[in-house]
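The values are calculated or read from the model by the stated rules, or taken from the named source; none is laboratory data. If you're wondering where the values come from, they're calculated on a predicted model, not measured in any experiment. Here the Cβ positions follow ideal geometry from the backbone for every residue, glycine too, while neighbour counts run over all protein chains shown.
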Protein chains: 2
Amino acid sequence: MPKSASIEDEITQAAIERLEQGADGRLRDIMISLTRHLHGFIREIEPTEEEWLAAIRFLTETGKKCDENRQEFILLSDTLGASMLIDAINNRKPSGATESSVLGPFYREGAPDYENGADLAEGETSGERVLVSGKVIDLDGAPIAGAVLDIWQTAPDAIYAAQDTSGTSFNLCGRLTTGDDGRYWFRTRKPVSYTVPGDGPVGAMLKAAGRHNWRPAHIHFMLSADGYETLVTQLFTDDDPYLGTDAVFGVKDSLVVHYDKADEGLRLDHDFVMTAAA
Amino acid sequence: MPKSASIEDEITQAAIERLEQGADGRLRDIMISLTRHLHGFIREIEPTEEEWLAAIRFLTETGKKCDENRQEFILLSDTLGASMLIDAINNRKPSGATESSVLGPFYREGAPDYENGADLAEGETSGERVLVSGKVIDLDGAPIAGAVLDIWQTAPDAIYAAQDTSGTSFNLCGRLTTGDDGRYWFRTRKPVSYTVPGDGPVGAMLKAAGRHNWRPAHIHFMLSADGYETLVTQLFTDDDPYLGTDAVFGVKDSLVVHYDKADEGLRLDHDFVMTAAA
């Protein structure tokens, strides 16, 4: 049977017109764009009624999987590359500025303040020792004094403090403040690769699509300083097997860093370049 | 700040390549198309991080609202015109055939078989009396004998039998079978306009978009006959105030019918044209 192009076009047109006749404003623009793209997707793949029902079930199960400790729709957004795209759109930076990456689900507010030189992994007995250091600078290379680095990463067992169910752990989390020279430095253990949750509908989708659910090892940083845009980013280790296939597309070339051998374990040097607030 | 076109393009490209490198088959095609259209939507509206989080919350609440008696994601699909578009794609018919409309959430299998002439609204004391009649024919106008019409509609209080929580009501539901002449006829009460659920996230979305949640009055029909494509459709009354603004876009011009005044209430004559099975 050939397409009844006119009937199908009329449905899309009617759905858009209904919104055009509705309330003005940002929501109208969003809904019209959503409708146009959703209908475009449907026209392109021409889902059967069984496929449509499978999609309804997938979305329903994704909602059911969400609770206060689990956000399966954010995981879906992450694994479709949507979160990173939205991050990029909201963090357009001039050339030379440190690039952003997503905040992710494991940021826990209220990490303790440390002096530079502190060991964020105190009490950890495994994992490679690292001294991380560098400067926080502006686009002209001038040091930024008083910049706060909020840092979080996996423990050697691939667990974040935020996954601790007691809700109080700040293991491998901490805040440092730069001095007049813009320098920061701290000790930690090298972060490790880990998996995003694979036991829900998104995990099943990844599996069916022939994808894994690993993230390459990284350290998260959120940098804030008076007069500068807050910078949320991640530094990825350059020897990670999942560097090219991050399940959530968080890797950018400029954020891949090398750990040098040092007398006592490893050493990572990295400068962060912040941009002035608008 | 100007767009960092290359970074944003790279994210979309990476998300698509990951799928291209994954498992072959229909799911891959669906996921690639979904990714392309989802990213296109995001690029067009450039959501803020707050808007992205609002979308995550909306989807989560929509999932939470679903239970065995309520399917909020189907309602979302319906109110975006997606269900009717998929219905149209799956029911392309030659000119002259009766057009389809969506099954909707209120079909309950197992309606009682009646003789032609039966009153499906027996026991109802309000609503306008109607005699509905017509023929079931093929594209050449020849009668189809033994066609089964499965019929359901609102009661005068705007409630479907399927909304009865006991799960057993078949009020204003029934199955008729055509004789050798292809004719069918039954008595009922004129259907009334009603609202789709407005107390969930989809209702809130409609309200925010300046849309109502009414459906114009209609009778549902599912016709089946050996050797013919099953036909799921609705007949809409031509004097309904919501005819032009059906919340779920189910109305097609050819499905709008006129109720004539008759000696005893109203009379509706309508022939259904079925297409041969492929």
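Annotation: B:S95 fulfils all but one of (1) more than 8 Å from chain A (Cβ to nearest Cβ); (2) within 30 Å of B:I144 (Cα to Cα); (3) touching a Leu at 6+ places or on another chain (Cβ under 8 Å); the unmet one is (3).
Of the residues A:G174, A:G167, A:G182, A:G203, only one is at pLDDT below 95 and not polar (S, T, N, Q); which?
Of the residues listed, the single one that is at pLDDT below 95 and not polar (S, T, N, Q) is A:G167.
Mind listing just one residue for me: the one in segment B:197-206 that is free of Cβ contacts under 8 Å to residues at least 40 places away in the same chain and in a helix (DSSP H, G or I) and, of those, nearest to the other protein chains (Cβ to nearest Cβ)?
B:A204
Exactly one residue among B:E109, B:E124, B:E128, B:E72 is at pLDDT below 95 and touching a Lys or Arg at 6+ places or on another chain (Cβ under 8 Å), and that residue is B:E124. Scanning segment A:235-259 for residues that are touching a residue at least 24 places away in the same chain (Cβ under 8 Å) and under 19 Å from A:L120 (Cβ atoms) gives A:L235, A:T237, A:Y259. The residue of segment B:52-87 that is farthest from A:L85 (Cα to Cα), among those that are more than 7 Å from chain A (Cβ to nearest Cβ) and basic (K, R), is B:R70.
Cβ-Cβ distances below 7 Å connect the following pairs, each with a first residue in segment A:19-42 that is within 7 Å of another protein chain (Cβ to nearest Cβ), a second residue that is of a type in the set (G, A, S) and surrounded by fewer than 18 Cβ atoms within 10 Å (Cβ to Cβ), and a separation of six or more residues or different chains: A:G22/B:G210; A:A23/B:A208; A:A23/B:G210; A:L27/B:A208; A:H37/B:G40. Taken over segment A:207-224, residues that are buried (at least 21 other Cβ atoms within 10 Å of the Cβ), outside any strand (DSSP E or B) and of a type in the set (A, V, I, L, M) amount to 1. Exactly one residue out of B:G244, B:G250 is of a type in the set (G, A, S), surrounded by 15 or more Cβ atoms within 10 Å (Cβ to Cβ) and either at negative phi or assigned to a loop (DSSP other than H, G, I, E, B) (or both): that is B:G250. Residue check: B:E49 meets all listed conditions (1) out of contact with any Ser or Thr (no Cβ under 8 Å at 6 or more places or on another chain); (2) more than 7 Å from every other protein chain (Cβ to nearest Cβ) but one, namely (2). Residues in segment A:225-241 that are away from every other protein chain (no Cβ under 14 Å) and not in a strand (DSSP E or B) were compared, and the one that is farthest from A:T177 (Cα to Cα) is A:P241.
In the set (1) of a type outside the set (F, W, Y); (2) within 24 Å of A:G96 (Cβ to Cβ); (3) touching a Leu at 6+ places or on another chain (Cβ under 8 Å), the condition left unmet by A:K190 is number (2). Screening the candidates A:A111, A:A118 for the property of being under 21 Å from A:F170 (Cα atoms) and touching a helix residue (DSSP H, G or I) at 6+ places or on another chain (Cβ under 9 Å) yields one hit, A:A111.
Residues in segment A:176-206 that are basic (K, R) and surrounded by fewer than 20 Cβ atoms within 10 Å (Cβ to Cβ): how many?
Looking only at that region, the number is 2.
Number of residues in segment A:6-18 that are surrounded by fewer than 22 Cβ atoms within 10 Å (Cβ to Cβ) and either facing another protein chain (nearest Cβ under 7 Å) or closer than 20 Å to B:S254 by Cβ (or both): the value is 8.
A single member of B:A155, B:A142, B:A162, B:A118 is without any contact (Cβ under 8 Å) to a residue 60 or more places away in the chain, over 28 Å from A:E10 (Cβ atoms) and over 23 Å from the mean Cα position of the chain (by Cα), and it is B:A142.
Whenever a residue of segment A:220-234 is on the phi > 0 side of the Ramachandran plot and in the same structural domain as A:T98 (by TED's automatic domain parsing), its partners that are surrounded by fewer than 18 Cβ atoms within 10 Å (Cβ to Cβ) and not hydroxyl-bearing (S, T, Y), lying with C-beta atoms within less than 8 angstrom and at least six residues away or across chains, give the pairs A:G227/A:A276; A:G227/A:A277.
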